[in-house]
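S.K.: Here it is, the structure in full.
The values are calculated or read from the model by the stated rules, or taken from the named source; none is laboratory data. Worth saying up front: this structure is predicted, and the values here are computed from it rather than measured. We place every Cβ from the backbone using ideal geometry, glycine too, and count neighbours over all the protein chains shown. Note: accessible area is taken over every heavy atom of the protein model, side chains too, but ligands, DNA and RNA are not part of it. Shrake-Rupley method; radii C 1.70, N 1.55, O 1.52, S 1.80 Å.
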Amino acid sequence: MAPPKKASGASKKGCCSCGITGILKFLAILLGVFMPIYYVLEQNLEKFYIFETDHLHDLAKRGIAAHGNDTRAIVKYIVDELSDRTSTTKHINHDEEWVFNNAGGAMGAMYIIHASITEYLIIFGTAVGTEGHTGRHTADDYFHILTGTQMAYVPGEYEPEIYSPGSVHHLHRGDVKQYRMPESCFALEYARGWIPPMLFFGYADTFFSTLDFYTLWRTSFVTGREMIGNLLKAKL
């Protein structure tokens with residue numbers, strides 16, 4: 001009876017091997033199909049952007065010049081102008097749906113003005129200060145300081161980078177820094193590139209630290225609604 005048992009064991013190993021081979025083949029086919037699509041989209045990302053970095057920087061500075069330290073008035077000034085621009089008017093969220101944001105050890109709150117597959121524009125800040133890790137992202141991030149001060153640090157430097165109202169902190173795609181907002185600080189934050197992979201960074205603290213699943217749900221709901229809504233308007 002021993003030979004049949006050996007044959008049975010060999011059969012099970014063969015089935016397992018076939019299963020793994022099938023999975024690998026399926027993944028290889030998916031990679032072969034999606035990599036060319038990704039490459040084409042990557043080379044044409046600029047065509048999908050509706051916001052201009054120079055305009056946003058100028059807009060932030062004009063808002064500050066008009067309203068000083070009145071953050072609420074600055075935010076309204078920014079949203080009103082973007083709502084009047086032909087290129088962005090259909091893609092602006094006018095409801096100030098503020099939600100907490102915990103990411104990289106830092107905590108603040110954000111108002112999502114726009115969210116799509118290739119861009120997001122938010123107001124991010126806190127009235128009490130915070131500090132954390134920027135994350136290493138698949139998009140360029142432009143942090144336009146409206147009120148307060150942000151400090152940043154990279155390994156090997158002995159002095160901090162300091163960003164005051166009217167300045168912009170450009171975190172290049174793939175780079176990473178430590179950052180700190182010592183006291184009250186609010187900024188117009190604009191990211192352009194691949195936005196969905198950035199969400200994992202934003203969600204991690206919920207599962208491994210805060211366990212604030214209501215905020216996670218609210219963030220996902222607003223982000224998903226805006227992304228899907230913009231896709232239906234042919235905005236990638």
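S.K.: Go over the candidates GLU131, GLU183, GLU159 one by one and state the one that is without any contact (Cβ under 8 Å) to a residue 24 or more places away in the chain and not small (Gly, Ala, Ser).
M.R.: GLU159
S.K.: Consider ALA106 carefully, then state whether it is at pLDDT 95 or above and of a type in the set (A, V, I, L, M, F, W, C).
M.R.: yes
S.K.: Please state which one of THR215, THR219 is surrounded by 14 or more Cβ atoms within 10 Å (Cβ to Cβ), of a type in the set (S, T, N, Q), under 23 Å from PHE51 (Cα atoms) and under 18 Å from the mean Cα position of the chain (by Cα).
M.R.: Being surrounded by 14 or more Cβ atoms within 10 Å (Cβ to Cβ), of a type in the set (S, T, N, Q), under 23 Å from PHE51 (Cα atoms) and under 18 Å from the mean Cα position of the chain (by Cα) holds for just one of THR215, THR219, which is THR219.
S.K.: Check whether at least one residue in the range 166-178 is of a type outside the set (A, V, I, L, M, F, W, C), within 25 Å of THR71 (Cα to Cα) and open to solvent by 50 Å² or more (accessible area, probe 1.4 Å), and report yes or no.
M.R.: Yes, the range 166-178 contains a residue that is of a type outside the set (A, V, I, L, M, F, W, C), within 25 Å of THR71 (Cα to Cα) and open to solvent by 50 Å² or more (accessible area, probe 1.4 Å).
S.K.: Of all residues in the range 222-236, how many are under 18 Å from ILE50 (Cα atoms) and either of a type in the set (A, V, I, L, M) or open to solvent by 30 Å² or more (accessible area, probe 1.4 Å) (or both)?
M.R.: Total meeting the criteria: 7.
S.K.: Which residue pairs have Cβ atoms closer than 6 Å, lie 6 or more positions apart in sequence or on different chains, and pair a first residue in the range 36-64 that is surrounded by 12 or more Cβ atoms within 10 Å (Cβ to Cβ) and modelled with pLDDT of 95 or more with a second residue that is of a type in the set (S, T, N, Q) and outside any helix (DSSP H, G or I)?
M.R.: As it stands, the answer is ILE50/SER87; ILE50/THR88, since those pairs meet every condition given.
S.K.: Tell me which residues, restricted to the range 109-129, are over 20 Å from ALA60 (Cα atoms) and buried (at least 19 other Cβ atoms within 10 Å of the Cβ).
M.R.: Result: SER116, THR118.
S.K.: A further question follows. Of LEU199, LEU188, which residue is under 20 Å from ASP141 (Cα atoms) and open to solvent by less than 20 Å² (accessible area, probe 1.4 Å)?
M.R.: Testing whether each residue is under 20 Å from ASP141 (Cα atoms) and open to solvent by less than 20 Å² (accessible area, probe 1.4 Å) leaves just LEU188.
S.K.: Take the range 65-82 and flag every residue that is under 22 Å from ASN230 (Cα atoms) and open to solvent by 30 Å² or more (accessible area, probe 1.4 Å).
M.R.: LYS76, ASP80, GLU81
S.K.: Moving on to the next point. How many residues does the range 1-35 hold that are open to solvent by 100 Å² or more (accessible area, probe 1.4 Å), in a helix (DSSP H, G or I) and modelled with pLDDT under 70?
M.R.: Total satisfying the criteria: 5.
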